[in-house]
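Please read the structure below before turning to the comments.
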Amino acid sequence: MTDNVVSSDTRPFGAPLRGEGVASHASGKMVVGSFLATAARRFPDRESCFCVGTGRRFTFGQTNERCNRLAHALSGLGLRKPGVVAFLCNNRAEIAEIYFALAKSGLVGIPLNYRLAPPEIVALMQAMGARALLFATRFAPAAAQVRAALPEVGCFVAIGEDPPDWALGYEDLLAGASPAEPEAEVEEDDPFYFNLTSGTTGLPKSYVLTHYNNSALGPSSEAFDTTSKDVIMTAFPAFGRVGFFWIVTGVAYGARNVLLDFSPSEALRLFETERVTMVNLVPTMAAMMLADPSLPGRDLRSLRALIFAGAMFPAPLRERVAAEISPAVYEYYGMQETGVLTLSTPEDRVRQPESIGLPICFTEVKIARADGRRAAPGELGEILGRGPTAVTSYFDNPEKSAETFRDGWVHTGDLGYQDEEGYLFIRGRLKDMIITGGQNVHAAEVEEAILRVQGVAECAVFALPDDLWGERVAAVVVTAPAGDGTALSAAAVEAACREQLAGFKVPRAIFLQEEPLPRTPTGKAQKFLLVERHGTATSC
């Protein structure tokens with residue numbers, strides 16, 4: 001049923017070194033496993049997690065023991081540092097346990113976006129050398145496709161009830177393993193997990209986050225005034241960097257975490273019953289809550305921080321959120337590749353209502369002119385950032401790495417300016433990227449999928465404004481002459497996209513036309529003309 005998976009202990013993936021000989025220094029190490037081990041010593045009987053989907057509650061002591069057992073169980077299956085382990089799991093207690101078990105054992109994780117199509121999951125696991133997959137049983141069909149396509153993946157572990165007979169049971173593994181702290185040597189510059197971000201060539205880009213990147217979260221957490229008295233709701237999917245940030249923040253501060261798969265009515269109920277104090281949302285989530293009929297009857301007085309990131313936050317929506325949910329609105333800015341760069345607090349919002357805030361401790365922001373020189377206050381340019389949570393390259397993508405990570409800065413591709421006080425204002429994007437419901441979609445990836453459809457001559461993908469999702473993916477498709485007399489339909493284009501792409505990447509508006517796309521003399525599609533033409537239209 002499973003094969004032993006053994007890896008040599010060498011430094012993989014070109015992970016950057018912060019300095020040799022860290023283990024021999026009296027300064028100690030900043031590694032992720034220490035967060036949980038410390039919390040278990042300091043707060044063994046304090047509740048760490050409420051797993052909403054299963055109704056289970058765990059203390060920090062129990063969570064630490066379960067993570068230790070999982071680490072030992074994986075080692076017993078032959079998975080050792082720096083082997084690569086993929087996991088496909090929704091927001092439940094086990095996803096936190098997997099992160100910390102990998103951290104303590106020196107294994108490298110691939111937290112998989114469960115919204116991806118199975119062929120995308122297979123391709124990612126193959127590219128990154130995964131040798132095991134832990135999966136919630138709700139994703140067993142996708143896991144079965146991995147098993148059929150990747151014989152090198154020799155270990156499958158099922159989380160939850162009714163596991164398939166070709167997978168080991170998660171709880172069975174824990175029951176048979178030691179609760180002792182693992183003894184693997186883990187260093188600050190060791191790779192911890194691959195984070196995935198949208199790509200332009202069919203697969204998401206990925207980069208390696210080190211233990212140091214994830215241990216240097218203190219300034220980010222402190223910027224939200226976090227304390228051990230907080231009750232954190234993790235509503236962002238924990239397969240991404242933001243979701244895991246809130247899990248590890250709760251552990252670092254000894255704060256209780258309410259872990260759930262987001263739905264507006266359930267989140268509002270839990271705000272009241274669990275006395276949640278802080279939650280990170282995207283504007284789409286807030287719009288759904290405002291539309292939920294249960295909102296007027298909820299007691300939301302415990303909320304002290306509504307935190308937003310990931311998409312445009314229109315002022316009318318922000319004002320409604322402050323009036324009807326909580327006035328304590330925080331908003332931060334950063335890329336997946338940088339972590340938090342700037343933060344706007346409720347006090348900042350009063351002072352500079354349209355700003356995305358000031359840089360947090362240990363981060364730097366620079367507005368660069370086209371020649372790379374620093375722009376003057378008020379001058380528009382590209383936003384560059386750096387800090388301890390920033391990464392330095394993409395995995396197996398030297399061209400994109402050279403474009404993004406240059407001269408000691410992460411080039412965000414966003415346009416903005418800073419005022420005399422350092423407040424940051426965002427005014428657009430250099431990158432041709434769409435953010436829909438907090439998910440990044442690169443237009444070129446969608447265009448590549450559409451161009452594979454028979455009967456398509458050319459296409460252009462772009463963003464249109466959307467009251468619910470912030471932006472929606474739209475496509476203009478130029479039809480080729482049909483030799484057999486059949487006409488291409490928008491439904492056929494949509495169906496073809498669904499076969500190739502995750503659901504959030506599929507165009508919500510498809511416009512068919514016979515005339516060529518408007519282009520510049522150099523051949524680039526003039527997408528701004530398409531936005532002007534179709535901004536208020538429906539697909540056809």
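Remarks
- Selection over segment 365-381 of residues that are assigned to a strand (DSSP E or B) and at pLDDT 90 or above gives a count of 5.
Matching residues to (1) under 23 Å from TYR253 (Cβ atoms); (2) surrounded by 24 or more Cβ atoms within 10 Å (Cβ to Cβ); (3) without any contact (Cβ under 8 Å) to a residue 24 or more places away in the chain:
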| site | (1), (2), (3) |
| --- | --- |
| GLY55 | no, no, yes |
| GLU65 | yes, no, no |
| SER75 | no, no, no |
| ILE95 | yes, yes, no |
| SER105 | no, yes, no |
| TYR114 | no, no, no |
| ALA127 | no, no, no |
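- Within segment 395-449, being among the small types (Gly, Ala, Ser), buried (at least 17 other Cβ atoms within 10 Å of the Cβ) and assigned to a loop (DSSP other than H, G, I, E, B) holds for GLY437, GLY438.
- So TYR212, is it touching a residue at least 40 places away in the same chain (Cβ under 8 Å), over 16 Å from ALA130 (Cα atoms), crowded, with 21+ Cβ neighbours inside 10 Å and more than 22 Å from the chain's Cα centre (by Cα): no
- Every condition in (1) in contact with a strand residue (DSSP E or B) (Cβ under 8 Å, 6 or more places away or on another chain); (2) within 17 Å of SER75 (Cβ to Cβ) is met by GLY169 except one, and the failing one is (2).
- Any hit, segment 208-220, residues being under 26 Å from GLN500 (Cβ atoms) and either at pLDDT 95 or above or not assigned by TED's automatic domain parsing to the domain that holds ILE450 (or both): no
- Among the candidates GLU185, GLU161, the residue that is without any contact (Cβ under 8 Å) to a residue 40 or more places away in the chain, assigned to a loop (DSSP other than H, G, I, E, B) and surrounded by fewer than 21 Cβ atoms within 10 Å (Cβ to Cβ) is uniquely GLU161.
Okay, residues lined up against (1) over 22 Å from ILE383 (Cα atoms); (2) of a type outside the set (Ser, Thr, Tyr); (3) touching a strand residue (DSSP E or B) at 6+ places or on another chain (Cβ under 8 Å):
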| residue | (1), (2), (3) |
| --- | --- |
| ARG406 | no, yes, no |
| THR412 | no, no, yes |
| GLU421 | no, yes, yes |
| LEU424 | no, yes, yes |
| GLY437 | yes, yes, yes |
| GLY455 | yes, yes, yes |
| VAL461 | yes, yes, yes |
| PRO465 | yes, yes, yes |
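One line per residue, one yes/no per condition, for (1) assigned to a helix (DSSP H, G or I); (2) over 18 Å from LEU209 (Cα atoms); (3) not charged (D, E, K, R):
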{"site": "GLY28", "(1), (2), (3)": "no, yes, yes"}
{"site": "VAL31", "(1), (2), (3)": "no, no, yes"}
{"site": "SER34", "(1), (2), (3)": "yes, no, yes"}
{"site": "GLN62", "(1), (2), (3)": "yes, yes, yes"}
{"site": "ILE95", "(1), (2), (3)": "yes, no, yes"}
{"site": "TYR99", "(1), (2), (3)": "yes, no, yes"}
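- Some residue of segment 288-298 being over 30 Å from SER401 (Cα atoms), touching a residue at least 40 places away in the same chain (Cβ under 8 Å) and of a type outside the set (Val, Ile, Thr): yes
- The selection criterion, being surrounded by fewer than 16 Cβ atoms within 10 Å (Cβ to Cβ) and at pLDDT below 80, does not hold for PRO516.
- Checking each residue in segment 277-302 for being more than 25 Å from GLN439 (Cα to Cα) and of a type in the set (A, V, I, L, M, F, W, C) picks out LEU295, LEU300.
- Just one of the listed residues (ALA474, ALA490, ALA509, ALA495) is modelled with pLDDT of 90 or more and in contact with a Phe, Trp or Tyr (Cβ under 7 Å, 6 or more places away or on another chain), and it is ALA474.
- Count of residues meeting criterion [out of contact with any helix residue (DSSP H, G or I) (no Cβ under 6 Å at 6 or more places or on another chain) and in contact (Cβ under 8 Å) with a residue 12 or more places away in the chain] in segment 371-399: 20
- Qualifying helices (runs of 4 or more DSSP H) (wholly inside segment 273-356; at least 2 residues being under 24 Å from GLY378 (Cα atoms)): 346-351
- Candidates GLY53, GLY76, GLY83, GLY109: the one that is of a type outside the set (D, E, K, R), modelled with pLDDT of 95 or more and outside the structural domain of LEU134 (by TED's automatic domain parsing) is GLY53.
The values are calculated or read from the model by the stated rules, or taken from the named source; none is laboratory data. Given the structure is predicted, the values throughout are model-derived calculations rather than measurements. Using ideal geometry, Cβ is built from the backbone for each residue, glycine included, and neighbour counts are taken over all protein chains shown.
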